[in-house]
Amino acid sequence: LLEAVRLSLAEQQRQADIGSSELGKMLDSFSDMGFSNAQIMQLFRLQPKLAPQTRLAVVSELLLLGLDADSTLRALQKSPEVLRMTAQQLRHRADYLRRLDLGEGNMNLQQVVIDCPSIFTLSWKKIDAVVRVLKEKCVFTVDQVTEILHRCPNVLLEEPHDLEYKFQYVYFRMGVKHKAVVKSDLFRTPIAEVKNRHIFLERLGLYQTPDKKGQTQIVNPKLKEIIRVSEGDFLVKIAHSSLQEFEVFKKLLAQEEEEGDQDIASEETD
Amino acid sequence: MNYSVQFGSRWPSIRVGLLSEQKYGALINNFAHAGRVSRELELLNAVDFVDESQKAARHMQWDAPVERVRGEETAPQETHSEQLSVEQTQTSSLLSTSISPNIKCYTFSKGDVSRFPPARPDALGTLGYYLLDAASLLPVLALSVQPGDLVLDLCAAPGGKTLALLQTGCCRHLAANDISASRSNRLRRVLCSYIPKDISTDVRITSWDGRNWGELEGDTYNRVLVDVPCTTDRHSVMEEDNNIFSRMRLKERQMLPMLQMRLLLAGLLAARPGGEVVYSTCSLSQLQNEYVVERAVEVAETEYNVSVHVEDLSYFRSLFQDTFSFFADCRLGELVLPHLTANFGPTYFCKLRREE
Ligand SMILES: C[S@@+](CC[C@H](N)C(=O)[O-])C[C@H]1O[C@@H](n2cnc3c(N)ncnc32)[C@H](O)[C@@H]1O
């Protein structure tokens with residue numbers, strides 16, 4: 001059976017330079033690592049032009065990070081480009097991620113890789129820039145940065161500048177403190193969505209920016225309650241409004257944002 | 001006065017409307033190429049809301065029995081028309097015939113946030129339409145000017161409603177007044193860009209204090225529009241909560257209801273017996289709306305021996321429900337509430353008839 005698998009795969013590749021027995025050994029290694037025949041088939045379907053040795057090396061590295069066969073396959077299916085990296089690059093990146101404190105207890109790093117496998121293919125510079133923005137511009141503590149990376153590994157994929165803007169928006173405009181920002185998983189939510197919901201509540205009279213002393217005349221809903229619920233729940237439970245109104249509001253707000261503070265050109269009002 | 005008390009659970013929805021971009025209507029200028037301009041606006045998917053309401057009213061009348069049967073089957077909130085009894089439906093259709101067919105105003109339907117491009121002048125320099133809050137036409141429609149009427153527009157600048165009054169083609173003479181000379185000049189310029197010279201000869205523009213009109217020209221007019229100055233809630237709603245910016249000084253604001261009352265009173269005295277007066281504001285405040293009407297009626301009665309009847313305009317609510325969001329609980333008159341899907345108003349209007 002495996003013979004058939006091997007043959008069909010080999011056809012797509014430059015199988016010439018790899019002996020049948022060599023390939024057989026490799027497939028045995030995959031089996032030893034816990035991959036089923038079907039999974040091995042799937043694995044080989046990714047990046048078909050890749051040499052089997054490289055494939056094996058990358059998979060091994062991922063397993064060394066503590067991933068099991070299942071999550072390795074899932075991660076690679078999500079980001080097949082990881083297969084193109086050399087084992088050494090992978091190891092470097094894993095080391096760096098561990099130093100970021102993600103790796104404590106292995107479980108965490110594993111989670112990050114599953115949630116966001118493309119983190120391996122990011123440039124060193126990019127990751128560094130994101131972490132620096134979180135620490136220096138947003139003034140999160142090291143522990144908080146770690147928690148953010150745990151909770152929303154995808155921050156690493158964002159433009160550092162956008163992260164800073166998003167943080168400033170909730171911190172200054174909405175008056176949300178660091179701890180609550182972390183708990184809200186803010187960085188999973190697109191900024192446009194955050195603004196839509198916040199400004200909608202504000203204009204409904206249901207959200208106020210705290211004054212200098214941090215006080216408001218009404219009790220604001222928590223950031224978490226605003227952004228981590230479905231739109232339906234947000235409208236029913238927090239905004240107490242209708243979908244029709246929110247739909248129109250989003251369109252109007254988009255127009256407003258596009259125009260900045262420019263006044264709308266019109267003739268007379270009365 | 002706290003709006004959250006006055007409007008209860010509707011207030012947040014009104015508030016978000018007030019603080020978001022308002023909608024406009026394009027009042028068609030019959031003195032330009034109205035047909036062509038209308039077709040252009042129809043291409044933008046805008047509809048003439050006055051015409052639509054008339055069509056719907058005619059429909060309601062013919063289909064009334066059918067409508068009712070259907071109405072009973074569907075969920076109550078889906079059909080508004082069922083809320084009206086057959087009787088009411090018929091009266092509203094009859095009354096709707098008093099709506100001037102010459103006033104045409106295009107709006108984008110509920111939920112459509114498109115905007116109108118600015119009007120362009122035609123070969124003679126006349127503009128094809130005037131952009132205004134479509135709800136501000138309701139007071140003019142309520143005034144139902146009849147052919148040959150003498151009409152007074154007591155607080156007329158910058159002139160949106162004056163223009164609408166002239167569109168009816170019914171004014172034998174129109175007196176347009178505004179206390180502010182600079183604003184009167186603006187009114188003059190607006191009329192210049194919309195109305196041909198030979199027609200505007202029947203328009204007299206003055207800059208007097210409207211409060212004295214009763215003495216100046218008492219018992220004269222068939223129709224009087226009293227569109228008073230008021231606090232524009234669209235600008236001042238933030239200050240209710242935050243006290244950040246105050247557009248109008250407090251003292252001035254406190255004096256408003258008194259000024260409004262005296263303007264309405266002057267309007268009532270300027271009307272001839274049997275004549276009709278419409279009072280309108282762009283405020284949500286009961287103090288500037290119902291309260292002013294009640295006081296003016298009372299003072300007219302006790303101090304001038306002029307008796308005044310407050311007319312029922314509730315048929316406006318059924319007639320225009322597809323375009324505007326109305327408040328059903330005014331003691332007197334009608335109020336259009338801002339709502340995101342139909343973001344017009346606020347506009348309050350109340351019609352009064354001076355008894356013979
Ligand atoms: C709401 S605006 C009128 C808008 C106008 N009817 C339109 O549709 O374009 C109120 C006007 O009342 C004028 N006004 C204020 N006090 C007045 C007074 N005592 N007599 C006459 N007009 C007055 C103001 O100058 C202002 O232009």
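Kindly evaluate A:ASP263 against the criterion of being modelled with pLDDT under 95, exposed (fewer than 11 other Cβ atoms within 10 Å of the Cβ) and within 12 Å of chain B (Cβ to nearest Cβ). For A:ASP263, the condition - modelled with pLDDT under 95, exposed (fewer than 11 other Cβ atoms within 10 Å of the Cβ) and within 12 Å of chain B (Cβ to nearest Cβ) - is met. Would you mind stating whether B:GLU294 is among the charged types (D, E, K, R) and open to solvent by less than 10 Å² (accessible area, probe 1.4 Å)? Considered against the rule, which asks whether it is among the charged types (D, E, K, R) and open to solvent by less than 10 Å² (accessible area, probe 1.4 Å), B:GLU294 comes out as no. The residue that is most open to solvent (accessible area, probe 1.4 Å), among those in region B:176-197 that are within 11 Å of the ligand (Cβ to nearest atom) and polar (S, T, N, Q), is B:SER182. Quick check on region B:117-130. Is at least one of its residues modelled with pLDDT of 95 or more, within 14 Å of chain A (Cβ to nearest Cβ), at negative phi and within 13 Å of the ligand (Cβ to nearest atom)? Yes, some residue in region B:117-130 is modelled with pLDDT of 95 or more, within 14 Å of chain A (Cβ to nearest Cβ), at negative phi and within 13 Å of the ligand (Cβ to nearest atom). For region B:215-229, the set of residues classified as more than 23 Å from the chain's Cα centre (by Cα) and surrounded by 15 or more Cβ atoms within 10 Å (Cβ to Cβ) consists of B:LEU216, B:GLU217, B:GLY218, listed by residue number. Just one of the listed residues (B:LEU143, B:LEU44) is within 30 Å of B:SER193 (Cα to Cα), at pLDDT 85 or above and either buried (at least 21 other Cβ atoms within 10 Å of the Cβ) or within 14 Å of another protein chain (Cβ to nearest Cβ) (or both), and it is B:LEU143. Does B:THR347 qualify as being under 23 Å from A:GLU245 (Cβ atoms) and more than 13 Å from the chain's Cα centre (by Cα)? Here the answer is no, as B:THR347 does not meet what is asked. Do we have A:ASP185 as more than 14 Å from chain B (Cβ to nearest Cβ), at positive phi and not polar (S, T, N, Q) here? When the stated conditions are applied, A:ASP185 passes them. Residue-level analysis places B:LEU18 among those that are within 12 Å of chain A (Cβ to nearest Cβ) and not small (Gly, Ala, Ser). Taken over region B:198-214, the residue count meeting the criterion of being open to solvent by 70 Å² or more (accessible area, probe 1.4 Å), modelled with pLDDT of 95 or more and in a helix (DSSP H, G or I) is 1. For B:ALA56, the criteria (1) at pLDDT 75 or above; (2) closer than 25 Å to A:SER242 by Cβ; (3) within 14 Å of chain A (Cβ to nearest Cβ) hold in every case but one, which is (3). Restrict the check to region A:188-199 and report whether at least one residue is within 11 Å of chain B (Cβ to nearest Cβ) and within 29 Å of A:ASN154 (Cα to Cα). Checked region A:188-199: at least one residue is within 11 Å of chain B (Cβ to nearest Cβ) and within 29 Å of A:ASN154 (Cα to Cα).
Those helices (runs of 4 or more DSSP H) of region A:151-251 in which at least 1 residues are within 22 Å of B:GLY17 (Cβ to Cβ) and open to solvent by 20 Å² or more (accessible area, probe 1.4 Å), considering only elements entirely within it, cover A:191-204. Scanning region A:59-100 for residues that are of a type in the set (Asp, Glu) and open to solvent by 30 Å² or more (accessible area, probe 1.4 Å) gives A:ASP68, A:ASP70, A:GLU81, A:ASP95. Among residues of region B:150-175 being within 11 Å of chain A (Cβ to nearest Cβ), farther than 16 Å from B:TYR129 by Cα and in contact (Cβ under 8 Å) with a residue 60 or more places away in the chain, the one that is nearest to the ligand (Cβ to nearest atom) is B:CYS155. Residues in region B:334-356 that are open to solvent by 20 Å² or more (accessible area, probe 1.4 Å) and part of a loop (DSSP other than H, G, I, E, B): B:HIS339, B:GLU355, B:GLU356. Out of all the residues in region B:326-333, is one or more at pLDDT 95 or above, crowded, with 24+ Cβ neighbours inside 10 Å and within 14 Å of the chain's Cα centre (by Cα)? Yes, region B:326-333 has at least one match. Is it true that B:LEU187 is in contact with a Pro (Cβ under 7 Å, 6 or more places away or on another chain) and free of Cβ contacts under 8 Å to residues at least 40 places away in the same chain? Considered against the rule, which asks whether it is in contact with a Pro (Cβ under 7 Å, 6 or more places away or on another chain) and free of Cβ contacts under 8 Å to residues at least 40 places away in the same chain, B:LEU187 comes out as yes. Is one or more of the residues making up region A:47-58 modelled with pLDDT of 80 or more and open to solvent by less than 30 Å² (accessible area, probe 1.4 Å)? Yes, some residue in region A:47-58 is modelled with pLDDT of 80 or more and open to solvent by less than 30 Å² (accessible area, probe 1.4 Å). Only one of the numbered conditions (1) within 16 Å of the ligand (Cβ to nearest atom); (2) at pLDDT below 95; (3) within 14 Å of chain A (Cβ to nearest Cβ); (4) not in a helix (DSSP H, G or I) is violated by B:HIS235, and that is (4).
The values are calculated or read from the model by the stated rules, or taken from the named source; none is laboratory data. Remember, it's a predicted structure, so these values are computed and weren't measured experimentally. Backbone-built Cβ (ideal geometry, glycine too); neighbour counts: all protein chains shown. Protein only, heavy atoms only, side chains kept; ligands, DNA and RNA dropped before computing areas. Shrake-Rupley method; radii C 1.70, N 1.55, O 1.52, S 1.80 Å.
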